[in-house]
Amino acid sequence: MIRRAFTMRLKPGAMAEYKRHHDNLWPELLKEIEKSGIAHITTFERDPDLFLFSEVTDEKAFDRLWRTKIHRKWGEIMEPLMNFKDGLVDFGELREIFHCETNASRKAKTKKTARAKPVSKKALKKPKKKK
């Protein structure tokens, strides 16, 4: 996967509506995001600034998404909320300068499994038939 990151800026007072739309993402847009090769998108905010982190299958994934009919419709809804330039959201792409991965996530999953409450022997016994 290729990691990509962007900064974007909201217009004053637009955060609540921006979040509301993203909390109710259209299923057809989600399908197009996946079809474009975008594995995940995470957005962080410090109003009015947004930081978007994603993992994509190739460098052209966002270009494909941004050129689709459904994303153009989404853009029409986002345009009153965000700064746009030439029909697309005005964004600044960030260059990755550091990346670190550890086994911590695997250890956390293992601990969760180890903490699972065991089923009692009594619960496993077959109920006796009544005569």
Practice item. For THR57, indicate whether it is over 19 Å from ILE2 (Cα atoms) and either surrounded by 15 or more Cβ atoms within 10 Å (Cβ to Cβ) or more than 14 Å from the chain's Cα centre (by Cα) (or both). Key: no
**Study point:** Unique residue being more than 21 Å from ALA39 (Cα to Cα), loosely packed, with under 12 Cβ neighbours inside 10 Å and free of Cβ contacts under 8 Å to residues at least 24 places away in the same chain when the list is GLU76, GLU101
**Key:** GLU76
Review point. Would you say LEU29 is at negative phi, assigned to a helix (DSSP H, G or I) and either of a type in the set (Lys, Arg) or modelled with pLDDT of 95 or more (or both)?
Key: yes
Revision key, fill the gap. Counted residues in the range 1-22 being within 15 Å of the chain's Cα centre (by Cα), part of a helix (DSSP H, G or I) and within 18 Å of PHE51 (Cβ to Cβ) come to 4
Exercise for review: Mind listing whichever residues of the range 72-131 are closer than 22 Å to ALA14 by Cα, small (Gly, Ala, Ser) and modelled with pLDDT of 85 or more?
Suggested key: GLY75, GLY92
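The values are calculated or read from the model by the stated rules, or taken from the named source; none is laboratory data. These numbers were taken from a predicted model, which means no experiment stands behind them. Glycine gets a Cβ as well: all are built from the backbone with ideal geometry, and neighbour counts include every protein chain shown.
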